[in-house]
1. Can you name every one of the strands (runs of 3 or more DSSP E) wholly within region 171-250 that holds 1 or more residues which are buried (at least 16 other Cβ atoms within 10 Å of the Cβ), of a type in the set (Val, Ile, Thr) and touching a residue at least 24 places away in the same chain (Cβ under 8 Å)?
2. Restricting to region 101-127, name every residue that is assigned to a strand (DSSP E or B) and in contact with a helix residue (DSSP H, G or I) (Cβ under 9 Å, 6 or more places away or on another chain).
3. If I ask for residues that are buried (at least 23 other Cβ atoms within 10 Å of the Cβ) and assigned to a loop (DSSP other than H, G, I, E, B), which ones from region 47-65 would you list?
4. All but one of (1) at pLDDT below 95; (2) assigned to a loop (DSSP other than H, G, I, E, B); (3) within 18 Å of Lys175 (Cβ to Cβ) hold for Met151, so report the exception by its number.
5. Which one of the conditions (1) surrounded by fewer than 20 Cβ atoms within 10 Å (Cβ to Cβ); (2) in contact with a Pro (Cβ under 8 Å, 6 or more places away or on another chain) does Glu82 fail to meet, given that it meets all the rest?
6. Within region 113-140, restricting attention to residues that are free of Cβ contacts under 8 Å to residues at least 40 places away in the same chain and of a type in the set (S, T, N, Q), which residue is farthest from Gly226 (Cα to Cα)?
7. Kindly provide the set of residues from region 96-112 that are touching a residue at least 40 places away in the same chain (Cβ under 8 Å) and surrounded by 15 or more Cβ atoms within 10 Å (Cβ to Cβ), ordered by number.
8. Got a number for residues in region 123-149 being over 17 Å from the mean Cα position of the chain (by Cα), buried (at least 20 other Cβ atoms within 10 Å of the Cβ) and closer than 19 Å to Leu194 by Cα?
Amino acid sequence: MTNLKKFEALTRNFANKWGLDLQRYRPEASQLGRLATMLARQQIGLVVDVGANTGQFAQSLRKAGYTGSILSIEPMSKAHAELVNVSRHDPKWTIAPPMALGDADGEAEVHIAGNSVSSSLLPMLETHEKAAPTSTYVGSEKVMVRRLDRMVTDHTGDMLRPLFVKIDTQGYEDKVLDGASSILKDVKSLQMELSLVELYAGQQLFGDLVERMLREGFAIWAIWPGFCDPASGRMLQVDVVFSRPESSKP
């Protein structure tokens with residue numbers, strides 16, 4: 001065993017004693033690294049970031065190597081203001097006006113969670129609150145609702161194709177898809193955060209949404225672990241990446 005490997009083993013054993021697991025950093029092997037590789041291979045012209053919050057996903061994509069255009073959409077006024085601020089030096093990162101996405105244009109009330117990222121247009125259920133007490137709703141605000149296909153057309157016209165769409169809308173995924181019917185043909189790959197158990201009243205779960213995407217001509221490209229119940233260890237949400245079959249071939 002080389003000195004470097006001995007040092008790595010000692011460091012990992014020491015970290016394990018403190019409840020930590022250290023791994024060699026390999027950007028290309030990370031979740032976002034693999035996603036950035038897929039976007040480059042598919043020659044994605046635009047990443048549509050639905051439910052952008054304060055820009056965490058877009059910033060992570062940039063760090064992973066994605067250099068193309070991004071359109072971020074976020075309804076909550078406070079998160080939107082932070083989103084505008086973090087994107088101000090990125091000329092290829094466009095921020096839409098504050099709005100939610102759904103199956104029809106209109107207005108709705110977004111419930112604001114204490115942790116911000118769990119905010120939703122749907123009522124939160126006790127299962128979610130027990131698993132993440134900081135996610136309990138602390139307020140609400142009226143927001144504009146628009147269809148995704150209209151948003152993409154308004155901001156990009158017929159340019160910047162094909163598309164990658166990331167949907168993180170806390171139970172409202174089916175409504176976002178309903179509002180994307182006219183651009184879905186231009187979507188080469190898509191990522192959604194899907195629930196394995198009902199966390200928001202009336203939401204569609206993993207099985208239904210996977211079946212829908214398969215009917216739309218997509219295949220599962222990756223499944224990554226997400227939100228877990230710390231008391232039971234049960235997985236409650238996962239991130240699923242879908243891709244057109246011809247883009248999924250090695």
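The values are calculated or read from the model by the stated rules, or taken from the named source; none is laboratory data. For clarity, every value in this text was computed on a predicted model and none was experimentally measured. Ideal geometry is used to build each Cβ from the backbone, glycine not excepted, and the neighbour counts take in all protein chains shown.
1. Ranges flagged: 187-195, 237-243.
2. Leu101, Ile112, Ala113, Met124
3. Gly51, Ala52, Gly55
4. (2)
5. (2)
6. Checking each candidate, the answer is Ser140.
7. The answer is Ala96, Pro98, Met99, Ala100, Leu101, Gly102, Asp103.
8. 4
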